[in-house]
Amino acid sequence: MQGEDLFIRRAEVKAPTGAEPQDYTQAIPSVNLLRCLPFERNITYLVGENGSGKSTILEAVAIAAGFNPEGGTLNFRFTSRLSESGLWKRIRLVRGSRRPKTGFFLRTECLFNLATEIERLDAEPAPSPLIIDSYGGRSLHEQSHGEAIMAVLQNRFGAAGLYLLDEPEAALSPSRQLSFLKLLHEHVERLGSQFLIATHSPIVLGYPTATIYETSAAGLHETSYDNVQNVLLTREFLLNRAQVLTGLLGAKPAKT
């Protein structure tokens, strides 16, 4: 599924008019300068330093696509605290010829709120079947953070879905991150899904045929895996740990 067959082909962003209420996004170049975000492959990554705008952009695309700001499927409508920016109001999504059969907006920071809402809905009179059944049948609150994320990924993600994920690696061990890559491959090769993923993880970022956009003080630009700052820093640390720690901490290199 490429180009014309993607569910969302691009996000077009109107320039601020000055009439909108001022918010934190005015000081983020990658957000303030963004006019178009193309989607050319099944998987698109957003990477960048904390506060550089990647999660803000992903959130805005998710809301423009009809998802609840705090995450979940298109059917969820709950609010714990209003915190989303107004960027989504300036976004127009250019869609492909196909429509997704399912979808999910995963915000790992809001997973507790989502789990609570699932339990609240399941406690209402005559919920049949229980919503939690589509998440593996076990309360997300009764699992570790990483287990709950994997329960969502493995049980709630179906074929031909539109999935927007904000830092899914937040509670995943390296081995679980590799399992996540395997799940992505299944969706790309067999299930025809589309993903937009904001991440810091060199592992999660590693899918070979994805598009990578990096947010920075210069705005947003496409880059390659080997040029991503987090990949460069992680590689340098793993290959030259003693030297990096010497420069960082003033520690003497460890004996080898």
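The values are calculated or read from the model by the stated rules, or taken from the named source; none is laboratory data. Note that the coordinates shown come from a computational prediction; the quantities given were computed from them, not determined experimentally. Neighbour counts run over all protein chains shown; Cβ positions are idealised from the backbone, glycine included.
Name the residue, out of Thr44, Thr73, that is within 23 Å of Pro100 (Cα to Cα), crowded, with 21+ Cβ neighbours inside 10 Å, within 15 Å of the chain's Cα centre (by Cα) and in the same structural domain as Tyr207 (by TED's automatic domain parsing).
Being within 23 Å of Pro100 (Cα to Cα), crowded, with 21+ Cβ neighbours inside 10 Å, within 15 Å of the chain's Cα centre (by Cα) and in the same structural domain as Tyr207 (by TED's automatic domain parsing) holds for just one of Thr44, Thr73, which is Thr44.
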Filter pass, Glu169 being acidic (Asp, Glu) and within 16 Å of Phe104 (Cβ to Cβ): no
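Conditions tested, residue by residue: (1) of a type in the set (A, V, I, L, M); (2) touching a Gly at 6+ places or on another chain (Cβ under 9 Å); (3) in a strand (DSSP E or B); (4) modelled with pLDDT under 95.
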residue	(1), (2), (3), (4)
Arg176	no, yes, no, no
Leu181	yes, yes, no, no
His185	no, no, no, no
Val188	yes, no, no, yes
Leu196	yes, no, yes, no
His200	no, yes, no, no
Leu205	yes, no, no, no
Glu214	no, yes, yes, no
Any hit, segment 142-163, residues being assigned to a helix (DSSP H, G or I), over 19 Å from the mean Cα position of the chain (by Cα) and not assigned by TED's automatic domain parsing to the domain that holds Arg41: yes
Residue ranges of strands (runs of 3 or more DSSP E) in segment 1-120 with at least 1 members of a type in the set (Asp, Glu): 8-13
Pairs where the first residue, in segment 170-186, is in contact (Cβ under 8 Å) with a residue 40 or more places away in the chain and the second is of a type in the set (Phe, Trp, Tyr) and surrounded by 15 or more Cβ atoms within 10 Å (Cβ to Cβ), C-beta under 7 Å, 6+ apart: Leu184/Phe195; Leu184/Tyr207
Filter result for the condition that a residue is surrounded by fewer than 20 Cβ atoms within 10 Å (Cβ to Cβ), of a type in the set (Ser, Thr, Tyr) and in the same structural domain as Phe39 (by TED's automatic domain parsing), over Thr215, Thr209, Thr199: Thr209
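Yes/no per residue for (1) under 29 Å from Asn42 (Cβ atoms); (2) of a type in the set (Lys, Arg):
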residue	(1), (2)
Trp88	yes, no
Arg92	yes, yes
Ala115	yes, no
Leu130	no, no
Tyr135	yes, no
Arg138	no, yes
His141	no, no
His145	yes, no
Ala148	yes, no
